[in-house]
1. Note down the relative contact order for segment 135-254 as a percent, whole number, built from C-alpha pairs under 8 angstrom at least six residues apart.
2. Counting trypsin sites (Lys or Arg not before Pro) as exposed when in a DSSP loop with at most 14 other beta carbons within 10 Å, what is the longest stretch of the chain free of them?
3. If you average the alpha carbon positions of segment 20-80 and of segment 139-159, how far apart do those two centres end up, in angstrom?
4. Please give the Cα centre distance for segment 262-320 versus segment 183-213, rounded to the nearest Å.
5. With a cut-off of at most 10 other beta carbons within 10 Å, and DSSP calling the residue loop, which GluC sites (Glu not before Pro) in segment 174-266 qualify? Please list them.
6. Tell me what the chain gives for mean residue ellipticity at 222 nm when only DSSP H runs of n ≥ 4 count, each as -39,500 (n - 2.57), the sum divided by the residue total, rounded to 500 deg cm²/dmol.
7. PRE reach from A96 (point 7 Å along Cα→Cβ): which of segment 129-152 fall under 14 Å by backbone N?
8. Please state the shape class of segment 129-286: rounded when a/c is under 1.5, otherwise prolate if a/b exceeds b/c and oblate if not, all from the C-alpha gyration tensor.
Amino acid sequence: MTDTAAVPMVEVWRGDVLESRHRGHAVVCDSRGQIRAAWGDPAAVILPRSSCKMLQALPLVESGAAAGLSSERLALACASHQGAAMHVGRVAAWLADLGLGEPDLRCGPQVPDDATERHRLRAAGEPPCQLHNNCSGKHAGFLTLARHLGGGPEYVEIDHPVQRAVRAAFEEMCGETSPGWGIDGCSAPNFATSLHGLARAMARMADPKGLGRTRAAAAGRLVAAMIAHPLLVAGEGRACSELMAAMDGVAVKTGAEAVFAAILPRPGLGVALKIEDGATRASESAITTLLVRLGALAADHPAALRRLRPPILTRRGFPAGSLRPDPAFWAGGAAL
């Protein structure tokens with residue numbers, strides 16, 4: 001991506017000294033593709049990483065492969081989970097219902113971010129497995145779709161029917177031909193798009209009535225599943241889960257390297273955000289700022305305060321500074 005025209009979004013203060021500044025790009029878009037507000041460069045090309053998992057799950061649902069899947073499993077298909085017992089057990093059960101197991105996944109093992117599960121593994125002398133991978137739910141969805149399409153076991157290959165279906169849905173929702181792709185941490189392809197394209201796709205998820213009956217129903221099921229099961233989408237203490245639980249009917253999804261997306265069904269808007277230096281602390285603060293400015297999130301909600309202005313503490317627990325939104329980004333800049 002280009003850093004041309006990136007704007008200050010988040011500041012880090014230590015005492016009365018501005019120590020660091022994070023710059024980025026963001027777009028708020030409606031389902032017609034009209035930009036309602038923008039910061040930085042809407043044409044900046046990014047890899048959306050895990051922020052687009054709901055788009056990667058669209059073929060699973062609209063193909064009919066997900067006809068018998070619960071909303072919990074649809075939420076896991078969109079998840080970047082903690083690898084907690086609630087996630088691992090549900091993905092294992094999903095695979096078992098397919099007559100498959102952990103070796104059929106192609107996401108790779110990952111040490112779980114969930115402390116309880118991590119400590120359990122250590123105490124038992126067990127290594128982490130692919131079920132602990134934050135993308136294992138997405139990959140269970142890929143396996144479900146692969147079976148429905150009659151594809152082979154290497155479902156992460158770029159020319160596999162699963163990934164061809166994912167790319168087609170992704171490009172149609174973004175309204176752009178992807179200029180390229182990279183390999184995500186889970187070994188699956190991740191297709192590039194502009195910030196405007198990603199925001200357009202999120203807006204179409206928010207207001208899918210123009211997508212045709214089958215895709216609109218699929219989008220509606222996925223968004224509803226995310227909203228209904230925020231802890232399955234991420235986990236305890238995670239920004240995605242806490243922010244969704246704090247709002248009424250809004251879905252948000254993070255991606256690696258400081259990407260964030262939001263789906264706001266009531267106003268029919270989509271949001272896409274990228275912090276240029278890849279800092280998660282900044283992307284969480286910036287998406288929270290936009291959700292507050294859009295009226296979706298109360299600024300004084302504890303989940304908002306934990307991201308908007310978290311304190312910087314010394315190792316003895318004393319306050320030393322804070323992270324905060326850039327003043328222009330918080331109160332000025334593009335009108336919403």
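1. Computed value for segment 135-254: 12 percent relative contact order.
2. Of all site-free stretches, the longest is 33-314.
3. 21 Å
4. After rounding, the separation between the Cα centres reads 21 Å.
5. none
6. Details: 14 runs with 133 residues, N = 336.
Rounded to the nearest 500, the figure is -11500 deg cm²/dmol.
7. none
8. Details: a/c = 1.35, a/b = 1.21, b/c = 1.12.
Rounded, since a/c falls under 1.5.
The values are calculated or read from the model by the stated rules, or taken from the named source; none is laboratory data. The model shown is predicted, which means the values in this text are computed figures rather than measured ones. Neighbour counts run over all protein chains shown; Cβ positions are idealised from the backbone, glycine included. Heavy atoms of the whole protein, side chains included, go into the accessibility calculation; ligands, DNA and RNA do not. Shrake-Rupley method; radii C 1.70, N 1.55, O 1.52, S 1.80 Å.
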